[in-house]
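What follows is one structure encoded as structure tokens, with my remarks underneath.
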């Protein structure tokens with residue numbers, strides 16, 4: 001819940017501008033790591049199904 005609250009707060013402060021999430025290197029790094037983690041999880045599921 002804390003992450004969602006902070007995301008909501010950041011979007012409110014930036015007038016719902018999603019670009020604020022990739023303007024800082026640390027937030028961009030976290031977003032890329034999250035996408036990579038989800039991608040690898042999906043890849044492993046597909047690999048096990050084959």
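Read-outs: derived from the displayed coordinates by stated rules, not from any lab. In this text, all values refer to a predicted model and were calculated from it rather than measured experimentally. Cβ atoms come from the backbone with ideal geometry, glycine included; neighbour counts cover every protein chain shown.
Of all residues in segment 1-17, count the ones that are assigned to a helix (DSSP H, G or I) and surrounded by 10 or more Cβ atoms within 10 Å (Cβ to Cβ). Walk me through how you get there before you give the answer.
Filtering segment 1-17 for residues assigned to a helix (DSSP H, G or I) gives 2-13.
Applying the additional criterion that residues be surrounded by 10 or more Cβ atoms within 10 Å (Cβ to Cβ) yields 6-11, 13.
Residues meeting the conditions: 7.
Sort out which residues of segment 21-50 are assigned to a helix (DSSP H, G or I) and touching a helix residue (DSSP H, G or I) at 6+ places or on another chain (Cβ under 6 Å), and write them in order of number.
Here is the first cut: in segment 21-50, the residues assigned to a helix (DSSP H, G or I) are 21, 25-49.
The answer is 21, 27.
Of everything in segment 20-44, what is within 16 Å of residue 10 (Cα to Cα) and surrounded by 11 or more Cβ atoms within 10 Å (Cβ to Cβ)? Give them in sequence order. Walk me through how you get there before you give the answer.
Keep residues of segment 20-44 that are within 16 Å of residue 10 (Cα to Cα), which gives 20-28, 30-31.
Once the filter is applied, which keeps residues that are within 16 Å of residue 10 (Cα to Cα) and surrounded by 11 or more Cβ atoms within 10 Å (Cβ to Cβ), segment 20-44 yields 20, 21, 22, 27, 28, 30, 31.
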